[in-house]
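Have a look at the structure below, then the notes.
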Amino acid sequence: MDIAIHTTFLPHTDPEASLAFYRDLLGFELVQDVGSGDMRWLTLMSPTQRGVRLVLAPPAADPGITDDERRTIAELMAKGAYQSIILATTDLDATFARVAGAAAEVVSEPAEQPWGVRDCAFRDPAGNMVRIDEVGPAR
């Protein structure tokens, strides 16, 4: 079977803050910006992984979601427990210094994890957990 990850979604609560985090800080490229105001879908790609897209979308934009479900989603996002993504870098210490230096919310500093990776973690502007694994030559 020939199958690959093509697109993944994360919710955003502020499109401009999300662009500042993913595009300006982490270096993703904005390839599409659809919608207006807070109802914007931002499609980004890593310059080193052109076939994989990250779409930052308004949370609970589905018209079939109830107000109670929207409140639950907002509460989970505020706790950083709604969505997450794991990124990878060959230089974890430099990446950590850059992201932490930009005043991103640090969840954990670089450390060896019991599951065999060295990583760190941040929350993005919407509260999503962003873990960054160290891979490649630096390992």
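Just so you know, all these numbers are worked out from the coordinates, no wet-lab data involved. Computed from a prediction, not measured in an experiment: that's the story for all the values here. Glycine gets a Cβ as well: all are built from the backbone with ideal geometry, and neighbour counts include every protein chain shown.
Observations on the structure shown:
- Global geometry of region 1-65, whether rounded, prolate or oblate, following the gyration tensor of its Cα atoms and the 1.5 cut on a/c: oblate
- Principal-axis tilt of helix 67-79 within the chain, Cα atoms, nearest 10 degrees: 20
- Mean residue ellipticity (222 nm) of the chain, computed from DSSP H runs ≥ 4 via -39,500 (n - 2.57), nearest 500: -6000 deg cm²/dmol
- Basic side chains Lys and Arg get +1 at the Cβ, acidic Asp and Glu get -1 at the Cβ, and with that the dipole of region 7-138 about its Cα centre reaches some 220 debye.
- Rounded to whole Å, the principal axis extents of the Cα atoms in region 7-138 read 46, 30, 25, largest first.
- Counted by Cβ distance under 10 Å from VAL31, the other residues give a net charge of 0, where Lys and Arg count +1 and Asp and Glu count -1.
- Full-extension gain in nm, ASP24 to LYS79, via 0.36 nm per residue minus C-alpha separation: 17.4 nm
- Straightening the chain between ILE86 and ILE3 buys 27.9 nm, computed as 0.36 nm per residue apart minus the Cα-Cα spacing.
- Two-site FRET efficiency, GLN32 against VAL106, from Cβ-Cβ distance with R₀ of 30 Å, rounded to 0.05: 0.50
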